[in-house]
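Visitor: Before I ask anything, here is the structure I am working with.
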Amino acid sequence: MVINDNKEKALSILSRGDGKLQVHLNSCVRCGLCAESCIFYLSTGEERYIPARKVDLVSSVYRRYNTITGKLVPGLVKARELDEVTVMEMVDLLYGSCTMCGRCTAHCSVGVDISYLVRVGRAMLAEMGKVPSTLQSTVDAAIRTGNNMGIPVDELIDTLEWLEEDLQDDVGDSSAAIPVNKSNVSILYTLNPREPKFFPLSISAMAKIFYAAGESWTLSTKMYDVTNYAYYSGNLNEAREIARRLRDVMYELNARTCVLAECGHGSRSFRWEGPNYLQSSYSFETITSVELISRYLKEGRIRLDKSLNKERVTLHDPCNLVRSGGIFEEQRFILENAVSDFVEMNPYGYDNYCCGGGGGQLAMSEYGDRRLKAGELKVKQIKNTGAIIVVTPCHNCVDQLMQLNQVYKMNVKIKTLAEVVADALIL
Amino acid sequence: MQWYILISLGALAICLLSCLYHFFRLVRYGAPKDFSHKLGNTGAAIKYSFTGAMSPLKKESAYLHLPTYSAGMFYHIGTFLTIIVFLLQLTVIRFPVVLTYIFAFILILSAISGTGILIKRIVVRRLRKLSCPDDYISNIMVTLFQFITAFLLTGLIYQSVYYIAAAILLLYIPVGKLRHLVYFFAARYQLGYFYGWRGSWPPSKKY
Ligand code: SF4
Ligand code: SF4
């Protein structure tokens, strides 16, 4: 592995005059108490997976180039050169053994934002062209085709057309629609490209909810992808470009609210990171579909019969939606109304363990075994609930949970929130 | 004024200047800027960050490691006490004898806690691997200074030893991780602001 000329650019990230960055780079006291917060350490017992080791990788490079002690006596404070060995370790630990779930951050004894520093480290690696090729190809597809799976527009339209026919049959109304590219609507709805590709029923479920609520909504064929894998790769320019496209479609269609599909990192990257990538606030409202469904229920725009969902249900909270997105009560309120037997995992909510599929892990097949091992904890949590159905408002989590289901033979059904709501809808 | 007091005053000035440099550098960078639409209450979250979020009821690093957490709390109480004692030593204010002995007792306990933390760092493999010389030096210096302060309060050592030890510690603070004296508060503030902006902290009452 050769460190290219962009090493200086990578290092310049660490010397940015940004209070948050400087604070977190200087705060870790290496107490090691974050170890038990991390699924990678807990599932393997390997010391190198301790969150503090990931922090130290980034901050030791910072110390080497930005502090007097690090420059004069590097050995005293473990200040490291950004050399090939360091870069290789960074790639392995920051991409390959962190989902950026932020669980360690919330529990750090000092308050170091560990997942943020991992992201900073990834941004450095992205500057040096060290993003794993598997993850980069997902970003490339999004930049090139407008969605991370490279689905052609014709294929999407075909899928939406047969879903629309199904919807009309299901609700017994030939005017029921899945609108496309309509302007001046209340809602522009987004999709995770996994939906049209592999899980079209979740699109039907959401369309049925929109139908029941009498909503004015649309999808855009130009830009419907809620995901932003550049958030995970650390490439700021690409992340900005992806966020810009969705924002611009909102303006073009003059929609009032952008509703983000069930996707943890997609919600995070557009709602929370997007305006910062673009350095300007959105002039429209941005909410998740979880908040929207909860709103419909509270306003009486949809009604549910929970006796239609009799099997025991548990909830997997996507880290980006709950810990880093503040959405905690809404999904619980929905499930209390949509299912008869809801049971929490332990721990849950803000403390929930990551399923192992975040951080771009699902895209990086080279770390697949590690990812499945890291998911072991989630498997235990699920088994302890005795649930038959695991609901999660995130397509990435759905994908990881499905793989865990197969590997660890959990015998559960994995569903999105919209799917269980659609099953309980009273029309 | 004795030479050793002068030396410790010089060290105090250097330490303060360095801490102020770090503090004002952070102030100059300003409050966190965020272009997204705020969902929660940053003020309440910052308060929570310094209070509820630190409690052993909520913080995993505390409730899973109660002995270390308790030792750490004691150790830090002792550290703040040494600072207060040092600053008061430089004035004409003197404590009542009974208070001197209470302080000395607390300092002995905190220094024992610090020793325990040091032993843990040496003995536990995963901590040893994480550590660098600064971790050991910082701990040894602070712990020793707590013992020395306790001995000073009980009249067991010379003042010169105390002031020289204070000077060495003060000069070391800006060098390594002891700077977290400044950064700890900034980190809790930043984290509270972040979670507050997004509505994650303070956590829902239903949690
Ligand atoms: S708990 Fe926080 S301060 Fe302690 S080692 Fe982990 S990241 Fe560093
Ligand atoms: S962010 Fe999550 S996966 Fe990454 S180190 Fe922290 S706990 Fe582990």
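The values are calculated or read from the model by the stated rules, or taken from the named source; none is laboratory data. As the structure is a prediction and not an experimental result, all values here were calculated from the model. Methodologically, a virtual Cβ is constructed for each residue, glycine included, from the backbone with ideal geometry; neighbour enumeration extends over all protein chains shown. Side chains included, ligands, DNA and RNA excluded: accessible areas come from the protein's heavy atoms. Shrake-Rupley method; radii C 1.70, N 1.55, O 1.52, S 1.80 Å.
Visitor: Within the set of pairs 6 or more residues apart or between chains, which connect a residue that is farther than 17 Å from B:H180 by Cβ and more than 12 Å from chain A (Cβ to nearest Cβ) inside the stretch B:111-135 to a residue that is surrounded by fewer than 18 Cβ atoms within 10 Å (Cβ to Cβ) and not small (G, A, S) with Cβ atoms less than 7 Å apart?
Guide: From the stretch B:111-135, the pairs are B:I122/B:R128.
Visitor: Inside the stretch A:344-384, can you point out the residues that are within 13 Å of ligand 2 (Cβ to nearest atom) and farther than 21 Å from A:N320 by Cβ?
Guide: Within the stretch A:344-384, A:K373 is the sole residue that qualifies.
Visitor: For the subset of the stretch A:34-44 comprising residues that are open to solvent by less than 20 Å² (accessible area, probe 1.4 Å) and at the interface with another protein chain (Cβ under 7 Å from one of its Cβ atoms), which member is nearest to ligand 2 (Cβ to nearest atom)?
Guide: A:S37
Visitor: Identify all residues within the stretch A:45-100 that are assigned to a helix (DSSP H, G or I), of a type in the set (S, T, Y) and open to solvent by less than 50 Å² (accessible area, probe 1.4 Å); write none if there are none.
Guide: A:Y49, A:S59, A:S60, A:Y62, A:T69, A:T86, A:Y95
Visitor: Of all residues in the stretch A:92-143, how many are β-branched (V, I, T) and within 9 Å of ligand 2 (Cβ to nearest atom)?
Guide: Summing the residues that are β-branched (V, I, T) and within 9 Å of ligand 2 (Cβ to nearest atom) in the stretch A:92-143 gives 4.
Visitor: Let me ask something additional. Is there a residue being free of Cβ contacts under 8 Å to residues at least 60 places away in the same chain, part of a helix (DSSP H, G or I), open to solvent by less than 30 Å² (accessible area, probe 1.4 Å) and not assigned by TED's automatic domain parsing to the domain that holds A:C319 anywhere in the stretch A:253-262?
Guide: No, that holds for no residue.
Visitor: Being at the interface with chain B (Cβ under 7 Å from one of its Cβ atoms), open to solvent by 40 Å² or more (accessible area, probe 1.4 Å) and not acidic (D, E) is the requirement here; does A:K20 meet it?
Guide: Yes, satisfied.
Visitor: Kindly evaluate A:L125 against the criterion of being more than 14 Å from ligand 1 (Cβ to nearest atom), free of Cβ contacts under 8 Å to residues at least 60 places away in the same chain and assigned to a helix (DSSP H, G or I).
Guide: The answer is no for A:L125.
Visitor: Between a residue in the stretch A:36-56 that is farther than 16 Å from B:H65 by Cα and aliphatic (A, V, I, L, M) and any residue that is near ligand 1 (Cβ under 9 Å from one of its atoms) and open to solvent by 20 Å² or more (accessible area, probe 1.4 Å), which pairs come within a Cβ distance under 6 Å, given they are 6 or more apart or on different chains?
Guide: A:V55/A:C28
Visitor: Take the residues in the stretch A:310-334 that are more than 21 Å from the chain's Cα centre (by Cα) and more than 13 Å from chain B (Cβ to nearest Cβ), then tell me which one is surrounded by the most Cβ atoms within 10 Å (Cβ to Cβ).
Guide: Among those that are more than 21 Å from the chain's Cα centre (by Cα) and more than 13 Å from chain B (Cβ to nearest Cβ), it is A:V313.
Visitor: Taking the residues in the stretch A:57-71 that are out of contact with any helix residue (DSSP H, G or I) (no Cβ under 6 Å at 6 or more places or on another chain), touching a residue at least 12 places away in the same chain (Cβ under 8 Å) and within 10 Å of another protein chain (Cβ to nearest Cβ) as candidates, determine which candidate is farthest from ligand 2 (Cβ to nearest atom).
Guide: Only one residue fits best here, namely A:T67.
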